[in-house]
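**Student:** What follows is a structure written as structure tokens; I'll ask about it next.
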Amino acid sequence: MFLKFEKYSGTGNDFIIIDNRNFVFKLKEKMIIQNLCNRNFGIGADGLILIENSKKAEFKMVYYNSDGNLGSFCGNGSRCAVSFYNSINKIDKKIIFEAYDGLHKAELIKNQISIKMADVSDVKIFDDHIFIDTGSPHHIIIVDDLNSIDVNKIGSKISSGSPYFEKGTNVNFVKVNSDFEFDIRTYERGVESETLSCGTGATAVAIAMYEKKITKREVVKINVKGGELFVDFKKKNRSFNNIHLIGTADHIFSGKIKI
């Protein structure tokens with residue numbers, strides 16, 4: 001059978017998106033998803049997103065990592081999913097969609113999409129890193145020089161080591177430019193490689209920099225290899241809420257592929 005798909009990019013984090021509201025994609029097998037995401041023999045992507053019906057919201061986003069496994073929440077993927085849904089069912093600026101970790105609000109702001117992230121109340125600060133779960137787990141390390149870091153080698157070792165082991169974690173390397181601007185590189189579990197952007201990682205870094213008192217700002221700019229993202233939030237008592245991830249989500253191309 002031939003499968004219709006769309007290819008989207010959220011600041012370089014790229015996704016295959018399939019409109020599955022009529023169950024056109026029933027074969028949710030690990031090998032098929034791996035093949036579709038393969039950059040040499042398939043379409044090529046960091047992950048695959050299914051747009052499905054939801055009883056709680058406008059649509060449900062089901063996200064698979066490129067390794068074929070069901071993924072946790074994906075910030076850039078959700079922005080791409082909202083952009084795609086807007087192309088087939090025009091959104092009146094704001095929408096609510098369902099994802100792995102519950103319901104999320106989204107808003108179209110000119111050529112960008114803002115996603116309301118889940119609240120964060122547990123920030124673990126260690127001597128050499130910070131750990132935060134922003135819908136996906138993130139191990140954060142502050143470095144002086146991003147260019148000299150072997151992201152794949154170090155990231156893979158941390159992700160598969162203690163205390164993460166089989167579940168793994170994303171690993172973010174952060175360079176501080178100012179109290180407003182930070183550069184990051186991210187090793188993503190499930191992709192098992194560095195990606196050009198990570199939305200939940202950008203969110204985790206923004207919160208970590210605030211909690212470490214490196215910034216007092218509640219809006220920060222995060223530079224990723226594929227572009228720039230903005231994160232805004234509020235902190236009340238020990239909890240971070242009203243967290244928004246803001247950035248572009250671009251349609252790359254449409255196609256059909258035999259599966």
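**Student:** Could you tell me whether Ile113 is surrounded by fewer than 16 Cβ atoms within 10 Å (Cβ to Cβ) and not hydroxyl-bearing (Ser, Thr, Tyr)?
**Tutor:** no
**Student:** Looking at Ile43, Ile32, which is the one that is surrounded by fewer than 23 Cβ atoms within 10 Å (Cβ to Cβ) and either farther than 18 Å from Ser193 by Cβ or modelled with pLDDT under 95 (or both)?
**Tutor:** Ile32
**Student:** Right, another one. Within the stretch 98-110, restricting attention to residues that are modelled with pLDDT under 95 and more than 30 Å from Met31 (Cα to Cα), which residue is surrounded by the fewest Cβ atoms within 10 Å (Cβ to Cβ)?
**Tutor:** Lys110
**Student:** Would you pick out the residues in the stretch 41-58 that are within 19 Å of the chain's Cα centre (by Cα) and closer than 11 Å to Ile17 by Cβ?
**Tutor:** Ala45, Gly47, Leu48, Ile49, Leu50, Ile51
**Student:** Same structure, new question: Go through the stretch 72-97 and count every residue that is within 15 Å of the chain's Cα centre (by Cα) and surrounded by fewer than 22 Cβ atoms within 10 Å (Cβ to Cβ).
**Tutor:** Qualifying residue count, the stretch 72-97: 1.
**Student:** Quick check: anything in the stretch 143-159 closer than 21 Å to Ile214 by Cα and either crowded, with 22+ Cβ neighbours inside 10 Å or under 16 Å from the mean Cα position of the chain (by Cα) (or both)?
**Tutor:** No, that holds for no residue.
**Student:** Something else about it: Read through the list (1) closer than 30 Å to Lys4 by Cβ; (2) among the aliphatic types (A, V, I, L, M); (3) surrounded by 14 or more Cβ atoms within 10 Å (Cβ to Cβ), then give the number of the only condition that Ile130 fails.
**Tutor:** Every listed condition holds for Ile130 apart from (1).
**Student:** If you check Leu70, Leu108, Leu103, which single one turns out to be on the phi < 0 side of the Ramachandran plot, in contact with a helix residue (DSSP H, G or I) (Cβ under 9 Å, 6 or more places away or on another chain) and of a type outside the set (S, T, N, Q)?
**Tutor:** Leu108
**Student:** Report whether or not Lys93 is free of Cβ contacts under 8 Å to residues at least 12 places away in the same chain and more than 16 Å from Ile207 (Cβ to Cβ).
**Tutor:** no
Per-residue answers, yes or no, for (1) farther than 22 Å from Lys116 by Cα; (2) touching a strand residue (DSSP E or B) at 6+ places or on another chain (Cβ under 6 Å); (3) among the aliphatic types (A, V, I, L, M):
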position	(1), (2), (3)
Gly201	no, yes, no
Lys212	yes, no, no
Lys221	no, yes, no
Ile243	no, yes, yes
Thr248	no, yes, no
Ser254	yes, yes, no
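**Student:** Can you work out which of the residues in the stretch 219-259 that are assigned to a loop (DSSP other than H, G, I, E, B) and either under 16 Å from Ile132 (Cβ atoms) or in contact (Cβ under 8 Å) with a residue 40 or more places away in the chain (or both) is farthest from the chain's Cα centre (by Cα)?
**Tutor:** My answer is Ile259.
**Student:** From Val143, Val174, which residue is free of Cβ contacts under 8 Å to residues at least 40 places away in the same chain and within 21 Å of His244 (Cβ to Cβ)?
**Tutor:** Every option except Val174 fails the conditions.
**Student:** Within the bounds of the stretch 183-190, is there any residue that is outside the structural domain of Asp67 (by TED's automatic domain parsing) and closer than 16 Å to Val123 by Cβ?
**Tutor:** There is no residue in the stretch 183-190 that is outside the structural domain of Asp67 (by TED's automatic domain parsing) and closer than 16 Å to Val123 by Cβ.
The values are calculated or read from the model by the stated rules, or taken from the named source; none is laboratory data. Model, not experiment: these values are computed from the prediction. When we count neighbours, we look across all protein chains shown, and the Cβ atoms used for this are built from the backbone with ideal geometry, even at glycine.
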